[in-house]
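Just so it is clear, none of the values below were taken in a lab; they were calculated from the coordinates. Model, not experiment: these values are computed from the prediction. In this analysis, Cβ positions are derived from the backbone assuming ideal geometry, glycine residues included, and neighbour counts consider all displayed protein chains.
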């Protein structure tokens, strides 16, 4: 049914351990390659079946969809999406006061290359592989079947910036079902957020920080909070609800500041306890008086998008955390994160440790944070654990 691709001898160990990637160096010499994005059957050097997945030019040559010899059709996608939906239902993420959640998280939901985020009654699909782009119609059909009409009204496809450019697929972002969505406000734990899936980063919102926003809210009462790299202001909104006496939101993007201000207004109207600043993070911290804030959050964009940038990224994390540790008030709480997949949990912790040691202050770890359960990590694909966080008490 599908073209078969053989592996070199002794290059099948990772697949036998259920890792979902086949690297190009493992493919047998003289392999005839199909069109990018098509489904292939992977065989070991002896011709035994190993898995079925999407072929693509690049270092990751095949993303395994199933270790069973089955068809990748509408029934396959429907079953996979049903399993994903059932997990989110068990997590009680689909509620009247919460209409924002991730339905599909790539390898974590055994659908490598596919992201589906839900915002109210709009699903935003993002393809990170040529295969998922080619299967968009199958995915859309399955999505409409598993979500009832009162839960799903629109599907928006946002993959122009995530697809491999070498594939030359020419994908354009846009609505693929239901027409243009009128509503752009969705609820997270009873708080309203304007979602810009058309022009915003990722699919429009950083869903992966939901539980961490809840945790920060618990620390906010009576504190003076600095939200660095605020983006849409999610942490600021939670801090205000938690009773922070001062909330300052900082981002180098004036557009992000505008979105933050809008989200503050959606939830609180005029809010004198909140200020926003379109400024560089390092400059802002440098000019901040010592002790002005006793709750600081550092959630920078990925400092390392690939392995070659790791060393510079670690220096960046050390510098940023040292700047915050030098300015936070005694007894302050620092939330600090890395969303760089190329940075390991141990590397990030060492960078923060180095910053703390340089600051000369006594620091305790209160929490070690990661991504939420609707961003699951496949046990056989540890690379899927990208979000690392620490909550520190600074004496």
FRET efficiency estimate (nearest 0.05) - Cβ-Cβ, residue 329 to residue 160, R0 56 angstrom: 0.80
With Cα atoms, 0 to 90° folded angle of helix 345-359 axis to the chain main axis: 20 degrees
Region 211-290: C-alpha gyration tensor shape, a/c 1.5 cut-off, then a/b vs b/c: oblate
Highest-fluctuation residue, 312, 227, 321 considered, GNM on the chain with Cα pairs under 10 Å: 312
Two-decimal ratio, region 151-288, of alpha-carbon radius of gyration to 2.2 N^0.38 Å: 1.18
Mean separation of Cα contacts under 8 Å (6+ apart) over length of the chain, as relative contact order %: 11 percent
GNM flexibility winner over the chain from 228, 132, 271 (Cα, springs under 10 Å): 271
Antiparallel bridges, percent of DSSP beta bridges restricted to the chain (to nearest 5): 65 percent
Helix 254-268 axis, angle to the chain major axis (alpha carbon atoms, nearest 10°): 70 degrees
Rounded FRET efficiency, nearest 0.05, which uses the C-beta distance separating residue 82 from residue 241 and R0 of 41 Å: 0.75
Whole-Å semi-axes of region 206-394's equivalent ellipsoid (Cα gyration tensor): 25, 20, 16
Region 44-79 and region 290-369: distance between their alpha carbon centers, rounded to Å: 39 Å
Shape of region 1-59, Cα gyration tensor, a/c cut at 1.5: rounded
Share antiparallel - DSSP beta bridges, region 206-394, percent rounded to 5: 40 percent
Among 140, 99, 288, residue whose mean-square fluctuation peaks in a GNM of the chain (springs only between Cα atoms under 10 Å): 288
DSSP bridge orientation in region 3-66 - percent antiparallel, rounded to nearest 5: 75 percent
FRET efficiency, 1/(1 + (r/R0)^6) with R0 45 Å, evaluated for residue 35 and residue 89 via beta carbons: 0.75
The chain: angle of helix 310-327 to the longest principal axis, Cα-based, in degrees nearest 10: 20 degrees
Alpha carbon convex hull of region 74-189, volume per residue in cubic angstrom: 98 Å³
Rg/Rg_globular for region 302-395, with Rg_globular taken as 2.2 N^0.38 Å and Rg from C-alpha atoms: 1.11
Ellipsoid semi-axes in whole angstrom, largest first, where each is sqrt(5λ) of the Cα gyration tensor of the chain: 40, 26, 17
